Amino acid sequence: MKFQKLQKSIQTLLLLLVFWSVPQFAFAQATLQNLNQSLRYSRYSRIDLKIIPIKKQENSFLIQMPIEKIEDNVEFEDYLFSYAILNSFTEEITDEKIVPLTREKLRYDTDRHFYFEETVEVPAGQNEAYVILWAKDTRQGDEYIYHADLHSPYIFETPSLGAYFSNNIPFDQSFLTRGQSLLFKSNQGINLFSFYYPQEFNVPVPPMETKPAPVQKEVDVIEEQPFLQNVPKSFDQTGYYFIQSDTTAPAGVLIKTVAETFPKVADWDEMTQMVVYISTRREHEKLLEAEDKKKALDEYWINMTKSEEISKNLIREYFRQVEFANILFTDFREGWKTDRGMVYVVMGPPDEVYFNVDREVWVYGGVDSNSKINFTFARVKNVLTPNYYQLNRTRAYQPEWFKRITLWRSGKIAF
């Protein structure tokens, strides 16, 4: 057993030497804006990367890097981890900027996570700074990439507090089951402040609908009693919470709370809401008006496909897409109700994903041609989250959108 571990360590060391010495490595001569980050949205990813920055001082940041183990029996030696700090999306990622994350730098290795953390300094007066984290699967060459802002025009301020599970791993999910607790740690003061928002959100309008959707003018908010950091805080209501260490500053931590069934569908009523993306207006109105939602939905799927067997497969696939959208894109809204979630449900995982400071672009191949279609999501500055994106809607999406819906309705969709 000891010999096998030693042999594995030697193999990893050799891989590291090759990895850092070959100039043709995929990230050499690349920039953050031209890296394809599509694996972060894959339905078959083996690990999931996150970066959670915490502001320590004006130009000093704690970079928290939890890596979730999705597949079973993940071995550290199966991956090569590294990170870099960049001052723009167009800065070249040179070998000198790449910092290997070896086992010696591993802070925690739990059943669910590998966890690294590094403290970095950003030069005073530098207006932009970004962290990029990546992992290379040494078995098949897949490269997982994730990035986050330290300074940028699209964040108000990096928070000085963080949320943690009971084992000190940073809270790296986009949602928390109602009734669960988290620990909060901050560099400022003793008390923390919680604001609860109970509202529901509407489904987004289709990609080709250029008329702006109605905006809710008033937002209900309930200020809760202050609570102590390093003491478990329970979140008992469904909605979202914004936690702050300083209520005079815009920085804080968003906690979206959900029912126990989430990210899966909760009940027949919710299911009737979710099929809106592949339904005609009349079909959806009929479902919403039905007293017996289960019976109405059974008839809906059978009438659509004319086959009970195809219907079963279609239902399974459609709500699998909804589940992934909830996992990937939930912010203060459920993931399937976001613009990115809507496109993901109908179009499937994008073939290519590119980021710039002000946008995210998804690339798909066309259904009946060799052409490609791009969905561009504009980044919007939002106090609740640094990752708020809205689709740039255009009537040009209509032909491809209807083709995909036709595939869904015929039971021929496959990802």
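The values are calculated or read from the model by the stated rules, or taken from the named source; none is laboratory data. All values reported here derive from a predicted model rather than from experimental measurement. A quick note on method: Cβ atoms are made from the backbone with ideal geometry, for glycine too, and the neighbour counts reach across all protein chains shown. SASA here: full protein model, heavy atoms, side chains in, ligands and nucleic acids out. Shrake-Rupley method; radii C 1.70, N 1.55, O 1.52, S 1.80 Å.
Note on Asn167 and Ser410: the extension gain reaches 82.8 nm, defined as 0.36 nm multiplied by sequence separation minus the Cα-Cα distance. Applying 1/(1 + (r/R0)^6) with R0 = 25 Å to the Cβ-Cβ distance of Lys185 and Arg139 gives a FRET efficiency near 0.10. Springs join every pair of Cα atoms under 10 Å in this Gaussian network model of the chain, and among Glu117, Glu285, Glu352 the largest mean-square fluctuation is at Glu285. Could you pull out which residues in the range 362-379 have an amide N less than 12 Å from a spot 7 Å beyond the Cα of Asn392, following the Cα-Cβ vector? It comes to 362, 374-379, nothing else. Among the helices of the chain, those built from whole DSSP H runs whose Cα atoms reach 20 Å or more along their own axis and whose mean Kyte-Doolittle hydropathy is at least 0.0 are 2-21.
In the structure shown, do any of Lys185/Lys264; Lys233/Lys256; Lys69/Lys337; Lys69/Lys372; Lys50/Lys403; Lys136/Lys372 have a Cα-Cα gap over 24 Å, and if so which? Correct reply: Lys185/Lys264; Lys69/Lys337; Lys69/Lys372; Lys50/Lys403; Lys136/Lys372. Stretching Glu92 away from Ile222 to a fully extended chain increases their span by 42.2 nm, per 0.36 nm per residue minus the current alpha-carbon distance. Restricting the range 30-94 to chymotrypsin sites (Phe, Trp or Tyr not before Pro) that sit in a DSSP loop and have at most 12 other Cβ atoms within 10 Å of their own Cβ leaves Tyr44. Extending 7 Å from the Cα toward the beta-carbon at both Ala251 and Lys306 defines two label points whose distance is 6.1 nm. Relative contact order of the range 314-392, taken over Cα pairs closer than 8 Å and 6 or more residues apart, is 20 percent. Given +1 at the Cβ of Lys and Arg, -1 at the Cβ of Asp and Glu and no other charges, the dipole of the chain around its Cα centre is 620 debye to the nearest 20.
When the inverse distances between all different Cα atoms of the chain are averaged and flipped, the Kirkwood radius reads 23.3 angstrom.
Among DSSP beta bridges lying fully in the chain, give the percent that are antiparallel, nearest 5. Antiparallel bridges make up about 95 percent of those DSSP assigns within the chain. With the whole protein complex present, Val380 retains an accessible surface near 50 Å², based on a 1.4 Å probe. How big is D for the range 66-120, in µm² s⁻¹ as a whole number, if Stokes-Einstein is applied with the Kirkwood radius of its Cα pairs at 37 °C and 0.692 mPa s? Estimated via Stokes-Einstein, D reaches 256 µm²/s. Computed from label points 7 Å out along Cα-Cβ, the spacing between Tyr154 and Gln29 is 2.8 nm.
Mind running the shape call on the range 164-315? Use the C-alpha gyration tensor, a ≥ b ≥ c as the square roots of the eigenvalues: rounded below 1.5 for a/c, prolate if a/b tops b/c, oblate otherwise. Here the range 164-315 falls in the prolate category.
Taking 0.36 nm per residue of sequence separation and removing the Cα-Cα distance, the Asp109/Val367 pair yields an extension gain of 88.6 nm. Which of rounded, prolate or oblate describes the range 58-209 when judged by the alpha-carbon gyration tensor and an a/c cut-off of 1.5? Note, shape of the range 58-209 comes out rounded.
Rolling a 1.4 Å probe across all protein chains gives Phe165 an accessible area of roughly 40 Å². Summing +1 for each Lys or Arg and -1 for each Asp or Glu among the other residues whose beta-carbon sits under 10 angstrom from that of Arg103 gives -2. Restricted to Cα atoms, the range 158-212 shows a radius of gyration and a Dmax of 16.9, 49 angstrom.
The dipole here belongs to the range 43-108: it is taken about the Cα centre, uses +1 on the Cβ of Lys and Arg and -1 on the Cβ of Asp and Glu, and is about 360 debye. Based on Cα contacts under 8 Å between residues 6+ apart, the range 82-157 shows a relative contact order of 30 percent. A straight Cα-to-Cα reach below 18 Å connects Lys286 with the lysines Lys294, Lys295, residues fewer than 8 places away in its own chain not being considered.
Ligands, DNA and RNA are left out, and with a 1.4 angstrom probe the accessible area of the chain is 50 Å² per residue. From its DSSP helices (H runs of at least four residues, each -39,500 (n - 2.57)), the chain gives a residue-normalised ellipticity at 222 nm of -7000 deg cm²/dmol. Does the range 302-406 classify as rounded, prolate or oblate by the C-alpha gyration tensor (a ≥ b ≥ c root eigenvalues; a/c under 1.5 gives rounded; else a/b over b/c gives prolate, otherwise oblate)? Verdict is oblate for the range 302-406.
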